[in-house]
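Novice: So that we are looking at the same thing, I have put the structure below in structure tokens.
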Amino acid sequence: MKSYSIALIPGDGIGGDVTEAAWQVLVTVARHTGFTLTGTRFPWSCAFYKETGAMMPPDGIETLRRFDAILLGAVGWPAEVPDSVSLHGLLLPIRKAFVQYANIRPHRLLVGVDGPLRARNFDILCIRENTEGEYSGAGGRVHQGTADEVAVETSIFTRTGVERILRFGFERARARRGKLASVTKSNAQKYSMVFWDEITQKLSSEYPDVEVTSYHIDAMAARMVMAPDSLDVVVASNLFGDILTDLGAAIQGGLGFAASANINPDRTAPSMFEPVHGSAPDIADLRIANPIAAIWSGALMLEHLGETSAAQAIMGAIEKATARGIGTVPGKDKTEAITAAVLAALD
Ligand code: NAD
Ligand code: IPM
Ligand code: MN
């Protein structure tokens, strides 16, 4: 029997609830399908930071490297630990260390979910560059606290980094409906974004079967609201992709539905699966977090591991639950009830 070892990092706030929900569904589908999932839980979080002074132990990355995949809930508890500390101490280093350069975020309406838009028939795959760009962490502050203070945050775009994410996007577009939207802001940002546009152009000759269009980020934000059904694969830089995928979550009914996969396409290290949303401190104690985004992320994990029919079974079960109106209205159903409905639909 095939067996996979999974590192579970529930993290902060609703991260714990939604990761447990996803794990229950994953273990159940594995049993039905005939493979084993072994989970090892790591308590790395803001609470862990308060106890130990670090978000994960010094050998955290090496510990995670041994697993087949990582399932993460959410990181961040800004009331007690600054986000700049918690995210740069756990989530972002994992993405970088494991070269999870492709962050895949699907946006479509599940059966039974009413999004805020009139358009219902959209199916967008956002592919976000996940290791460099605006998240490079290069910069600094001088004359801190004075009237002359200057803060610099440098975006670093490398040819290797831009080419590989665009190539990944072209390949996905080729396997889907053959349309690629490349997102920049090259009318205002004349170095990195012009560079990105040039590489898009260069690669397009290798993919004559893919229809590629370049959009400015502002126009793309409007398009995702006004004409989401005109889009197929959307490739964007780290920050632009971050913003567009919360927008994508909104048009698919909310953050509780938006799944995400941080993929190392070369499989030289584990990939990580997590919902798009954060720790949601505003509802953290209410047990009303929608676990669907995390469960869907679990399905993306199984797909990555090659367990395609199990992944499809999860998606089918989610939509059986949402078709009955379970989990479709924010705050109406408890996390546990939504999870139970998905589990029941698996049987
Ligand atoms: P958030 O995504 O946590 O919450 C935004 C809004 O969406 C809130 O009103 C929240 O209640 C709601 N929401 C989010 N997930 C939900 C779910 N599953 N079900 C129902 N409602 C849901 O964003 P934020 O408030 O900006 O961030 C809170 C913390 O999480 C911060 O520390 C932030 O840095 C962190 N964060 C972490 C990740 C991650 O670990 N991947 C992602 C985003 C934000
Ligand atoms: C996400 C999150 C993270 C990001 C934050 C918490 C650093 O918003 O996964 O979308 O910007 O990548
Ligand atoms: Mn985000």
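The values are calculated or read from the model by the stated rules, or taken from the named source; none is laboratory data. Just so it is clear, the model here is predicted, and its values are computed rather than measured. Counting neighbours? That spans all protein chains shown, and the Cβs are built from the backbone with ideal geometry, glycine included.
Novice: Could we say that Ala47 is of a type in the set (Gly, Ala, Ser), surrounded by fewer than 20 Cβ atoms within 10 Å (Cβ to Cβ) and touching a helix residue (DSSP H, G or I) at 6+ places or on another chain (Cβ under 7 Å) here?
Specialist: The answer is no for Ala47.
Yes/no per residue for (1) among the basic types (Lys, Arg); (2) within 16 Å of ligand 2 (Cβ to nearest atom); (3) modelled with pLDDT under 95:
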{"site": "Gly60", "(1), (2), (3)": "no, no, no"}
{"site": "Leu92", "(1), (2), (3)": "no, yes, no"}
{"site": "Arg108", "(1), (2), (3)": "yes, no, no"}
{"site": "Leu117", "(1), (2), (3)": "no, no, no"}
{"site": "Gln144", "(1), (2), (3)": "no, no, no"}
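Novice: Next question, about the same structure. Residue check, Glu134 against (1) within 19 Å of Leu92 (Cβ to Cβ); (2) more than 21 Å from the chain's Cα centre (by Cα); (3) not small (Gly, Ala, Ser), all met but one. Which one?
Specialist: (2)
Novice: Pick from the range 233-258 the residues that are among the small types (Gly, Ala, Ser) and out of contact with any strand residue (DSSP E or B) (no Cβ under 6 Å at 6 or more places or on another chain): which of them is farthest from ligand 3 (Cβ to nearest atom)?
Specialist: Gly253
Novice: Considering Ala261, Ala293, which residue is buried (at least 22 other Cβ atoms within 10 Å of the Cβ), in the same structural domain as Leu71 (by TED's automatic domain parsing) and away from ligand 3 (no atom under 13 Å from the Cβ)?
Specialist: Ala261
Novice: Scan the range 150-163 residue by residue and report those that are more than 19 Å from the chain's Cα centre (by Cα) and surrounded by 18 or more Cβ atoms within 10 Å (Cβ to Cβ).
Specialist: Those that are more than 19 Å from the chain's Cα centre (by Cα) and surrounded by 18 or more Cβ atoms within 10 Å (Cβ to Cβ): Ser155, Phe157.
Novice: Let me ask something else about it. Of these, Asp242, Asp229, which one is surrounded by fewer than 17 Cβ atoms within 10 Å (Cβ to Cβ) and of a type in the set (D, E, K, R)?
Specialist: Asp229
Novice: Further question: Would the range 203-211 turn up any residue that is free of Cβ contacts under 8 Å to residues at least 40 places away in the same chain, in the same structural domain as Gly133 (by TED's automatic domain parsing), more than 21 Å from Asn262 (Cβ to Cβ) and part of a strand (DSSP E or B)?
Specialist: The answer is yes, given that some residue of the range 203-211 is free of Cβ contacts under 8 Å to residues at least 40 places away in the same chain, in the same structural domain as Gly133 (by TED's automatic domain parsing), more than 21 Å from Asn262 (Cβ to Cβ) and part of a strand (DSSP E or B).
Condition check ((1) of a type in the set (A, V, I, L, M, F, W, C); (2) surrounded by fewer than 22 Cβ atoms within 10 Å (Cβ to Cβ)) across all residues:
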site	(1), (2)
Asn121	no, yes
Cys126	yes, no
Asn130	no, no
Asp148	no, yes
Ile165	yes, no
Arg174	no, yes
Ala181	yes, no
Ser186	no, yes
Ser192	no, yes
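Novice: Just to check your reading of the model, which residue among Ala280, Ala311 is within 15 Å of ligand 3 (Cβ to nearest atom) and buried (at least 19 other Cβ atoms within 10 Å of the Cβ)?
Specialist: Being within 15 Å of ligand 3 (Cβ to nearest atom) and buried (at least 19 other Cβ atoms within 10 Å of the Cβ) holds for just one of Ala280, Ala311, which is Ala280.
Novice: Would it be correct to say that Arg66 is among the charged types (D, E, K, R), within 29 Å of Thr154 (Cβ to Cβ) and in contact (Cβ under 8 Å) with a residue 60 or more places away in the chain?
Specialist: Spelling it out, it is not the case that Arg66 is among the charged types (D, E, K, R), within 29 Å of Thr154 (Cβ to Cβ) and in contact (Cβ under 8 Å) with a residue 60 or more places away in the chain.
Novice: Now, a different point. Within the range 110-142, how many residues are touching a helix residue (DSSP H, G or I) at 6+ places or on another chain (Cβ under 8 Å) and in a loop (DSSP other than H, G, I, E, B)?
Specialist: Going through the range 110-142 one residue at a time, the tally reaches 13.
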